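Shown next, in structure tokens, is the structure this report addresses.
The values are calculated or read from the model by the stated rules, or taken from the named source; none is laboratory data. Owing to the predicted nature of the structure, the values given are computational and were not obtained by experimental measurement. Here the Cβ positions follow ideal geometry from the backbone for every residue, glycine too, while neighbour counts run over all protein chains shown. The area values use the complete protein model at the heavy-atom level, side chains included, leaving out ligands, DNA and RNA. Shrake-Rupley method; radii C 1.70, N 1.55, O 1.52, S 1.80 Å.
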Amino acid sequence: MKVYPSEKVRNVGIVAHQGAGKTSLTEAMLFNTGAISRLGKVEDGNTVADYHPEELKRKSTVNTSLVACEWRDHKINVLDVPGFTDFFGEVSSVLRVADSLVMVLDAVSGVEVSTEIIWELADDKNLPLIGFVNRLDKENADFHKAYESMKETLTRQIVPVQLPIGKEAGFKGMVDLITLKAYEYSGGKAKEVPVPADMQADIDQYREAMIEAAAEGEDEIMMKYLDGGELTQDEIILGLKEGVKNAKVVPVLCGSATANIGADRLLDLLVDFAPSPLAFLDEKAASQPTAVLVFKTMADQFVGRISMFKVFSGKIKGDSVLYNANKKVDEKVSQLSTLQGKSALNLPEFALGDIGTVSKLTQTTTGDTLTTRDSGVLLEGIDFAEPNLTIAIVPKTKADEDKLGNAINRLLEEDPTLRYEKSAETRQTLLTGMGEAHINIVIDRLSNKFGVAVDPVEIKLPYRETIRGSAQGIEGKHKKQSGGHGQYGHVKIDIAPDYDNEFTFEEKIFGGSVPKQYIPAVEKGMRESLAEGILAGFPVTNIKITLVDGSYHDVDSSEMAFKIAANLAFKKGCEQAKPVLLEPVMDVDILVPDQYMGDIMGDMNTKRGRIMGMEKQGKRQLIHAQAPLSEMHRYAIDLRSITQGRGKFTMKFSRYEEVPANIADKVIAAARAEKEAEKD
């Protein structure tokens, strides 16, 4: 593969709902360009784009793959993107670097959940879109129905530029509405045939809609159209091209990727209609200092770290040194490559707007800018959604435990939507991901890639204990005689709730009943006692202790003795001051389409949640709610089920509240049973 100038580069994200056939379409495009000699199949696990172990196991895309190919003296960087919402971090990366998207739809299902979500994200970024209705040779496939679902559900002016010839098993080609030529396929090869006479009415109807869309793409063409003039083929192409570039028009093609029908026409359309990087980058950027954005990081067990980048100014050359503007370190840029799945094709340099990879960068991770030291350039990073499904994991063996930290850090380099935490409070290792499938993939990768076996376990909640009553004159006395010096400490305390502070200590000692040198030891003993409450051993909060009296021994008293006495008084005081269990309550913001409002509110009620308010955001409602964390751990799964994947939420800690008595009894019993088990 040669080095291509910017105007001959196309950066295209292939996106779809899971199962619509985008990886098969990528495979067919690669086959038609001659990059591969055999058409692989997803179900056989031999496609170029899906090659990771977890993809072969699931038979679906999990990671974005770069598949570069050449067509009509152009380079097309195809980015095959996961369609399952758990892996939409990959979509965020591709939206940052793609210059257009091909939205693949299943001709049986039409618009599906991920179609809508990704389309909406493309709208937010004003990103050009091209439609491809796939699988037209399947039973119940219906191009017109799929197209109508696009018009009803999605935005922009969506117009077919092809119509299928035949239906279901009889699907064999298409009519090109721009050239008014018909093509039938045999063995993946197209031949021109007469336009079917029985399609003429549909051709006239859809071609008129296409011409109208083309006219709106360019002012002079619009004036000619409004004056009743007939548009030439070149004018139709120009108008559509401008409409696509300006994110106003979506041309829709048809085909069957597995039968290799229509992939060649898509390649033609990408060359003719899809914008080059220069449509969105200033041409002067070519002469400016090098600036590239790393948009994906992969950890290969043989090659090491592989960084996928796009050139946003200047050009990048191999065997050079660039400056990481985020980490403020130099990076040695060695061999540059483009990829066809897992196969690397070495290139000496990449021009403005091109996409490639470099291996063995030591400090650079996803979202970083590589530039020259004195350029002052820092490119906008990538906005990833926050993960919100947390599980606890336990290594199966001591050897797994020793290797876990390093393995997780390697995965964190690859996956910006993964979080890892060792909770000091619950002493659990926590993984947070985008959903169940994401978490399962991470556990599989730990095992398959790094040889680290872990088990998911029930997550422990950071409960607290406090008091609702008060008690006075609570006595704590530690007295021990063991020959020689003994131990003596004696305190009296008042205990009360303190709703404004986690802990307050004060002393009201008169007459030196507790000498001043021992008062800090009393406070320290109280603070240490906060770590373990009397109900279930959870930390104690919102409590005030007042030291009011006590006594000492000239010889036997010590700081340790007074600490122990303080601990005894603390426990006795808590027992008498109506101890209660507290649970964390979260602020939850839920964004859902209007039609799911009732279901969301009903579900919140079952979770002991409260609706605090709501506000309109376009076609969606933003619901503000509060709910106990104990009810929200699997909300990512629940919300997906309720909204068919159309809802999203964020959650942050608000405060602690008292746990209802019936629930508190179960939590306390379980915690005590666990402590007894630990003793055994």
Pick out the one residue from Val67, Val104, Val91, Val81 that is under 22 Å from Asn346 (Cβ atoms), among the β-branched types (Val, Ile, Thr) and buried (at least 22 other Cβ atoms within 10 Å of the Cβ).
Val67
If I filter the range 496-505 for residues that are within 23 Å of Thr417 (Cα to Cα), part of a strand (DSSP E or B) and either in contact (Cβ under 8 Å) with a residue 24 or more places away in the chain or open to solvent by 20 Å² or more (accessible area, probe 1.4 Å) (or both), do I get at least one hit?
no
Among residues of the range 12-35 being farther than 24 Å from Asp86 by Cα and touching a residue at least 60 places away in the same chain (Cβ under 8 Å), the residue surrounded by the most Cβ atoms within 10 Å (Cβ to Cβ) is Ala28
Among residues of the range 171-221 being of a type in the set (Val, Ile, Thr) and part of a helix (DSSP H, G or I), the residue most open to solvent (accessible area, probe 1.4 Å) is Ile211
Pairs, first at positive phi in the range 228-254, second open to solvent by less than 70 Å² (accessible area, probe 1.4 Å) and at pLDDT 95 or above, C-beta under 9 Å, six or more apart:
Ala247/Ala122; Ala247/Asp123; Ala247/Leu127; Ala247/Pro128; Ala247/Leu129; Ala247/Arg156
Which numbered condition Gln18 misses (of (1) in contact with a Pro (Cβ under 8 Å, 6 or more places away or on another chain); (2) over 19 Å from Val91 (Cβ atoms))
(2)
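Please count how many residues of the range 242-274 are more than 26 Å from Phe171 (Cβ to Cβ) and surrounded by 21 or more Cβ atoms within 10 Å (Cβ to Cβ).
Residues flagged as more than 26 Å from Phe171 (Cβ to Cβ) and surrounded by 21 or more Cβ atoms within 10 Å (Cβ to Cβ) within the range 242-274 amount to 1.
Given Val108, Val78, which one is in a loop (DSSP other than H, G, I, E, B) and either over 19 Å from the mean Cα position of the chain (by Cα) or over 29 Å from Thr369 (Cα atoms) (or both)?
None of the others qualify; the one that does is Val108.
Within the range 320-352, take every residue that is among the polar types (S, T, N, Q) and under 29 Å from the mean Cα position of the chain (by Cα) and give me the one that is surrounded by the fewest Cβ atoms within 10 Å (Cβ to Cβ).
So the residue we want is Ser343.
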Tally of residues being under 24 Å from Asn32 (Cβ atoms) and either in a strand (DSSP E or B) or in contact with a Gly (Cβ under 7 Å, 6 or more places away or on another chain) (or both) across the range 146-165
6
Within the range 282-305, the count of residues that are open to solvent by 30 Å² or more (accessible area, probe 1.4 Å) and within 28 Å of the chain's Cα centre (by Cα) comes to 5
Residue, nearest to the chain's Cα centre (by Cα), within the range 24-70, restricted to residues that are within 23 Å of Pro416 (Cβ to Cβ), outside any loop (DSSP other than H, G, I, E, B) and modelled with pLDDT of 90 or more
Ser65
